[in-house]
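Scroll down for the structure; my scribbles are underneath it.
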Amino acid sequence: MATFNNNVPTKFPKLDPKGPAGDIVLAAERAKATFNTQELTKFMYGEEWLDRFSRVLEVIENEPAFDKSNRYYQGRNERVADAFKKDKRMVELAREKKWTDVDSQIANFLYDQSSPFSLHSGMFLPTLKNQTTDEQKKLFLEPALKHQIIGCYAQTELGHGSNVQGLETTATYINETNEFEIHSPTLTSSKWWIGGLGKAANHAIVMARLILNGKDFGPHPFCVQIRSLEDHRPLKGITVGDIGPKFGFNTVDNGFIMFDHYRIPHISFLARYAQVKQGTGEYVRPPNAKLSYGTMVFVRANIVMGVRFALAKAATIAIRYSAVRNQFVDAANPRKWENKVVETAVLDYTMQQYRMLPIIAQAYACFFTGREMLRLYNENQANMNAGNFTLLADLHASSSGLKSLCTTMAVQGIEDCRRACGGHGYSMFSGLGSFYQDYLPNVTWEGDNYVLTQQTARYLGKQFRSVAANKTKESDMNFTSGYLYEYLQNPNSKCPAVEAADFMNPEVLLNAFRFRAASMTQKLVHQLDNQGKSWNSMTVEIARVSKAHTQLVLLSNFISGLQAARSDLSSSTMQALRNMALLFGSHTLEQELADFLVSQYLSPDQAGMVKDLTLDLLSKVRPDAVALVDAFALPDYYLHSALGRYDGKVYESMTEMAEQEPLNHKLVTDSYEECIKPLVHAGKAEGRWKGEGMQAKL
């Protein structure tokens, strides 16, 4: 048999897709928008940030270490190795280009894949900045900023995650030697899930139970060297490694570590707030334990802003693809292109609009709330520095509920967008599969989403009791106590809407959300205080109460944000955003109708009006669908999606990516000789083999 060249890659024939070309379709979609896309983009980001964004994008698009073209074809070892190369090059670029922290954040955002150094910048450095003394900053922070030491944040254990007070790792102070002894007393005390710990880090912020003179003071942070700075080997007394493959996030070396009576110097105890006196082991309490809450608020506010991008990315891919993708002919309203009847764009089907357009509205809602949370964080920090903590409790409670609601919303939205892309949504080339996998940890880290709702509900109950007992002065009213007070003035009020159009008034929608949240809080407090229900037995209702409050926060910030922007935006852009706010409100209300009906604020007839309004808003938003996702200005490099390309060349991109599949780089698979040939050629030995079979006869 003649030999042949097997190293011939598969190539698709050069043919055009059937139907209207994707680039022409998206151009037509953009032409029918009712507002100026660039105006909205500049409003959200500001020109200075957009210029910076463009400069960073231009750099990394031309950097081999930031190349994404092989991402969907690699195994874990290859992906981790590439992630290390990207991290090294990131450090070099920051020095070469004199990048600021914002520039580096933009580069990491655009790369859109966590890597071994992610927790160094995301948790290790912020902890050193916020919780160290001046002496510790010189010892730990300064070399960490230069990447001379690389760190991670080791809090979660094999046996404990959300329950920080249950952590088992101990740090016992040895008075005689002025050292701490870090020890893992049980298997479940092993630190677990720690990003960057598996292979990258040589230092770790370790949360361990502080033991002083036999007394347990609970978890405190320590900066601990874990690997040699000479050859990176684990130090004596330390067992450390990678926890193995995960559902997603596999470019990060999430690790485990156990300590065997491991000694560290006194200086390793992070002492900006609490302190341990040398020699005696006397504990000096922090001046105000609430100071650490501000950092949590900041992290959670940024998570909400991150949800904006997560939803925007998913929606951009799904909306553009739905505009280009054609399926079936709508007999009642046939689509014509160049005087010919063609298949209907998927985005023109009402069900597709119902699935997709509210997700765009959610993305914009998260933009306005994220911005407001960051504003409140800055105001609260200034207040706390002046000794004023009045904003903190409300801000902490709302940020807890928002982190829970918004990340859950994002996970659902990403998956809804993937499914809305049909069969191609299941391909990695869609950009949605791995994105969903990598985003999923957000519902767990920085507080499990269901556990966080308890923090929000506990605060709501406390506020309700105070307002009901007339203990809250009018001058001390905040957002939460304000709507609870309004409810208690007339707990039997009813929605005044008489037709669907009445719900186009934002205040009508807001009043419904206020009443629902307050009514549910009142019932929760009554069941806990008067009916003797246990907290544990009420956790399902607690989650619902938290959701009601935070959905009100989202809608309220959306509407108030629009009111504040009236002088900054044209009337057409304002109207497009107003439609988004109304769609967010009406769709959310429709999804939660049971709560509104049980509160008896809405009647069944009014519930029907809300459903009608949602459908009416879909038709209003439809002409702006592509423009609304374009306004988020997410470049193709970031999306890395065959379906979400700006130019709409979906099918060309899908086939090009298929050509890059390594299996297609040879005509015959390497497994042929061992696994296929013996089976096929078995007939030859039995006298039934016919050479090339039917093809030879033909």
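The values are calculated or read from the model by the stated rules, or taken from the named source; none is laboratory data. Keep in mind the model is a prediction, meaning the values are calculated, not measured. We place every Cβ from the backbone using ideal geometry, glycine too, and count neighbours over all the protein chains shown. Note: areas computed on protein heavy atoms with side chains; ligands, DNA, RNA excluded. Shrake-Rupley method; radii C 1.70, N 1.55, O 1.52, S 1.80 Å.
Got a sec to turn the phi values of segment 203-208 into Karplus ³J(HN,Hα) couplings, 6.51 cos²θ - 1.76 cosθ + 1.60 with θ = phi - 60°, whole Hz, x for Gly and Pro?
Values per residue, Gly and Pro as x: 9, 8, 7, 9, 8, 9 Hz.
Could you tell me the ratio Rg/Rh of segment 468-612? Both radii from Cα atoms, Rh via Kirkwood. Please report the intermediate quantities before stating the final value.
On the way: Rg = 16.5 Å, Rh = 16.4 Å.
Dividing the radius of gyration by the Kirkwood radius yields 1.00.
With unit charges on the beta carbon (Lys/Arg positive, Asp/Glu negative), name the residue among Gly422, Pro245, Leu145 whose Cα is farthest towards the positive pole of the charge dipole of the chain.
Pro245
Roughly how many Å is it from the Cα centre of segment 46-94 to that of segment 603-675, as a whole number?
23 Å
Of all accessible surface on segment 167-313 at a 1.4 Å probe, what whole percent is carbon and sulfur?
Details: 3380 of 6110 Å².
The nonpolar share, carbon plus sulfur, comes to 55 percent.
Which whole-number percentage describes the relative contact order of the chain, with Cα contacts under 8 Å and a sequence gap of 6 or more?
Values: 1025 pairs, mean separation 118.6, N = 698.
Computed over the chain, the figure is 17 percent.
Where the convex hull is taken over the Cα atoms of segment 549-698, what is its projected area averaged over directions, in nm²?
Values: hull surface 76.4 nm².
For segment 549-698, averaging the hull's shadow over all directions gives 19.1 nm².
Along the principal axes of its C-alpha atoms, what lengths does segment 200-250 span, in descending order and rounded to whole Å?
On the principal axes, segment 200-250 reaches 40, 33, 15 Å in Cα extent.
I'm checking a number: the convex hull volume of the Cα atoms of segment 68-218, normalised per residue, in Å³. What is it?
Normalising the Cα hull of segment 68-218 by residue number yields 146 Å³.
Rounded, prolate or oblate: which one fits segment 128-187, using the alpha carbon gyration tensor with axes a ≥ b ≥ c (rounded when a/c is under 1.5, else prolate when a/b beats b/c, else oblate)? Please report the intermediate quantities before stating the final value.
Numbers: a/c = 2.35, a/b = 1.40, b/c = 1.68.
Oblate is the answer for segment 128-187, as a/c is 1.5 or above yet b/c matches or exceeds a/b.
In 10 Å bins starting at 0, how do the alpha-carbon pair distances of the chain split up by percent?
With a bin width of 10 Å, the distribution comes to 3, 12, 21, 22, 19, 13, 6, 3, 1, 0.
May I ask which of Lys85/Lys236; Lys42/Lys313; Lys88/Lys403; Lys199/Lys277 have a Cα-Cα span longer than 25 Å here? Please list the in-between numbers first.
Working: Lys85/Lys236 28 Å; Lys42/Lys313 18 Å; Lys88/Lys403 31 Å; Lys199/Lys277 34 Å.
Beyond 25 Å: Lys85/Lys236; Lys88/Lys403; Lys199/Lys277.
Among 552-559, 523-530, what's the highest-first ranking by average C-beta atoms within 10 angstrom per residue? Provide the component values of the computation, followed by the final result.
Numbers: 552-559: 23.9, 523-530: 15.0.
Descending mean neighbour count gives 552-559, 523-530.
Can you give me the accessible area per residue for segment 1-86, using a 1.4 Å probe, in Å²?
Details: 5600 Å² over 86 residues.
Here the residues of segment 1-86 average 65 Å² of exposed surface.
Around Tyr72, what is the net charge, scoring Lys/Arg as +1 and Asp/Glu as -1 over all other residues with Cβ under 11 Å from its Cβ? List each step's numbers first, then the result.
Working: positive: Lys68, Arg71, Arg79; negative: Glu661.
Computed value for this residue: +2.
Under the Kirkwood approximation for Rh and a Cα-based Rg, what ratio Rg/Rh is obtained for segment 387-444? Working shown, then result.
Details: Rg = 16.5 Å, Rh = 13.2 Å.
Value, to two decimals: 1.25.
With each pseudo-label sitting 7 Å past Cα toward Cβ, what's the Asn130-Phe43 distance in nm, one decimal?
Between Asn130 and Phe43, the label points sit 3.2 nm apart.
With every atom except the alpha carbons ignored, what do you get for Rg and Dmax of segment 91-131, in angstroms?
10.9, 30
What per residue convex hull volume, in Å³, comes out for segment 1-139 when only alpha-carbon positions are used? Can you show the working numbers first?
Details: hull volume 30.2 nm³, N = 139.
Here the figure is 217 Å³ per residue.
Lys and Arg at +1, Asp and Glu at -1: add these up for the other residues within a Cβ distance under 10 Å of Ala500 and post the number.
Details: positive: Lys611; negative: Glu499, Asp502, Asp612, Asp616.
Around Ala500, the charge tally is -3.
Return the ratio Rg/(2.2 N^0.38 Å) for segment 407-543, where Rg is computed over Cα atoms only.
Details: Rg = 20.1 Å, N = 137, 2.2 N^0.38 = 14.3 Å.
In units of the globular-protein estimate, segment 407-543 measures up at 1.41.
By how many nm would the segment from Lys88 to Lys611 grow when fully extended, if each residue of separation counts as 0.36 nm and the alpha-carbon distance is taken off?
Details: separation 523, 0.36 × 523 = 188.28 nm, distance 5.29 nm.
Length gained, Lys88 through Lys611: 183.0 nm.
May I ask which of Lys32/Lys340; Lys340/Lys666; Lys146/Lys191 have a Cα-Cα span longer than 32 Å here?
Details: Lys32/Lys340 21 Å; Lys340/Lys666 42 Å; Lys146/Lys191 26 Å.
Those over the limit are Lys340/Lys666.
Kindly list the residues of segment 157-186 that lie in the label zone of Thr239, defined by a backbone N under 14 Å from the point 7 Å along the Cα-to-C-beta vector.
The answer is 158, 183-186, whose backbone nitrogens lie closer than 14 Å to the label point.
Tell me which residues come under 5 Å, amide H to amide H, from Cys152 once H is placed; ignore anything under 5 positions away on its chain.
His203, Ala204, Ile205
Would you grab the residues whose amide H sits under 5 Å from the one on Phe180? Only those 5+ places off in sequence or on another chain, please, with H modelled 1.01 Å from N.
Those lying under 5 Å, H to H, from Phe180 are Ile174, Ile264, His266.
Hey, can you grab everything whose amide H is under 5 Å from the amide H of Trp337? Only 5+ residues off in sequence or another chain; H modelled, so Pro and N-termini drop out.
Here Val342 satisfy the definition.
Tell me, what ³J(HN,Hα) does each residue in segment 73-84 have, in order and in whole Hz, if you take phi through Karplus 6.51 cos²θ - 1.76 cosθ + 1.60 with θ = phi - 60° and put x for Gly and Pro?
The phi angles translate into 10, 8, x, 5, 4, 5, 5, 5, 4, 5, 5, 4 Hz.
Determine Rg/Rh for segment 594-668; Rg is computed over alpha-carbon atoms and Rh is the Kirkwood hydrodynamic estimate from the same atoms.
Numbers: Rg = 22.2 Å, Rh = 16.8 Å.
On the Cα set of segment 594-668, Rg over Rh gives 1.32.
Report the equivalent ellipsoid semi-axes for segment 518-574 in whole Å, largest first, defined as the square roots of five times the eigenvalues of the gyration tensor built from alpha carbon atoms.
Semi-axis lengths for segment 518-574 are 39, 9, 6 Å.
Report the convex hull volume per residue for segment 491-550, counting only C-alpha atoms, in Å³. Each step should come with its number before you reach the end.
Numbers: hull volume 5.3 nm³, N = 60.
Each residue corresponds to 88 Å³ of Cα convex hull volume.
How large is ³J(HN,Hα) for each residue in segment 45-62, as worked out from phi by the Karplus curve 6.51 cos²θ - 1.76 cosθ + 1.60 (θ = phi - 60°), to whole Hz, x for Gly and Pro?
Karplus values, whole Hz, x for Gly and Pro: 10, x, 5, 4, 5, 5, 4, 4, 4, 5, 5, 5, 4, 4, 5, 6, 5, 10.
Rolling a 1.4 angstrom probe over the protein chains, ignoring ligands and nucleic acids, what is the accessible area of Lys547 in square angstrom, nearest 10?
80 Å²
To the nearest Å, what is the center-to-center distance of segment 96-149 and segment 237-286, using C-alpha atoms only?
Going from one Cα centre to the other spans 18 Å.
In the neighborhood of Thr480, defined by Cβ-to-Cβ distances under 13 Å, what is the net charge if each Lys or Arg adds +1 and each Asp or Glu adds -1? It would help to have the intermediate numbers written out before the result.
On the way: positive: Arg458, Lys462, Arg465, Arg514; negative: Asp394, Asp476, Glu486.
Cβ neighbours under 13 Å give a net charge of +1.
When the expected Rg is taken as 2.2 N^0.38 Å, what fraction or multiple of it is the alpha-carbon Rg of segment 1-71? Can you show the working numbers first?
On the way: Rg = 21.3 Å, N = 71, 2.2 N^0.38 = 11.1 Å.
Here the Cα radius of gyration is 1.92 times the empirical estimate.
Among all stretches of the chain without exposed GluC sites (Glu not before Pro) (DSSP loop, at most 14 other Cβ atoms within 10 Å), which one is longest?
Details: sites that count: Glu176, Glu230, Glu282, Glu338, Glu499, Glu686, Glu692.
Answer from the scan: 500-685.
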